[in-house]
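Working notes, structure below.
The values are calculated or read from the model by the stated rules, or taken from the named source; none is laboratory data. A quick note: this is a predicted structure, and the numbers were derived from the prediction, not measured. Cβ sites come from the backbone with ideal geometry, for glycine too, and all protein chains shown count toward neighbours.
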């Protein structure tokens, strides 16, 4: 009886530790979910004339969403290249998304969507 009581007491005392969040992984830990794609973009040249550029870049939508889904929080760090998204990042209640002030996040051209939205979107029939 005493051994069972000690085991139960130990479990009850350690239970709050199990509820602590796991160590946060940086966004780069989800690199395997990043896709490299190629598309065209319209950009003004030095004189202001619009030119078409071929762009090959990384699309971070799945990595970003996976990080939030697993950890509930994500900080997007600065880097030399922009982070491209091809769909919305869906934030659930209680999740936290932050970014370095110099991190550049772009929506991939042709993706007619928002960058970030709430999990519960209400659409109105208009």
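If you go through region 96-114 and keep only what is modelled with pLDDT of 95 or more and either at positive phi or assigned to a loop (DSSP other than H, G, I, E, B) (or both), you end up with 100, 101, 102, 103, 104, 108.
Of the residues making up region 71-93, those that are farther than 15 Å from residue 34 by Cβ and in contact with a strand residue (DSSP E or B) (Cβ under 9 Å, 6 or more places away or on another chain) are 72, 73, 75, 78, 88, 90, 91, 92, 93. Being more than 22 Å from the chain's Cα centre (by Cα) and within 22 Å of residue 113 (Cβ to Cβ) holds for only one residue in 42, 65, 95, and it is 42. Within region 41-54, the set of residues being more than 26 Å from residue 90 (Cα to Cα) and either in a strand (DSSP E or B) or in contact with a strand residue (DSSP E or B) (Cβ under 7 Å, 6 or more places away or on another chain) (or both) comprises 42, 43, 44, 45, 50, 51, 52, 53, 54. Within region 73-88, restricting attention to residues that are in contact with a helix residue (DSSP H, G or I) (Cβ under 6 Å, 6 or more places away or on another chain) and crowded, with 20+ Cβ neighbours inside 10 Å, the residue that is nearest to residue 105 (Cα to Cα) is 85.
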